[in-house]
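Working notes, structure below.
Values in this text are rule-based calculations from the coordinates and carry no lab data. Computed from a prediction, not measured in an experiment: that's the story for all the values here. Please note: Cβ atoms are built from the backbone with ideal geometry, for glycine as well, and neighbour counts cover all protein chains shown.
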Amino acid sequence: MHGVVLVNQVRMMDLRARLAKRIGLAADEVVEEALLRLQAVVE
């Protein structure tokens with residue numbers, strides 16, 4: 001699976017209202033990198 005994380009376009013979404021379904025999991029390293037980039041944008 002391939003995809004992108006748009007950490008510079010953060011917004012809240014009601015995943016239940018959108019009937020979102022989990023299609024997979026990201027590796028811990030990917031999540032950590034995304035969180036670090038998000039933190040840099042927010043600060």
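So what's the angle, to the nearest 10 degrees on a 0 to 90 scale, between helix 28-42 and the longest Cα principal axis of the chain? Its long axis makes an angle of about 70 degrees. About its Cα centre, the dipole of the chain is roughly 420 debye, where the only charges are +1 on Lys and Arg Cβ and -1 on Asp and Glu Cβ. Cα-based radius of gyration for the chain, normalised by 2.2 N^0.38 Å, reads 1.31.
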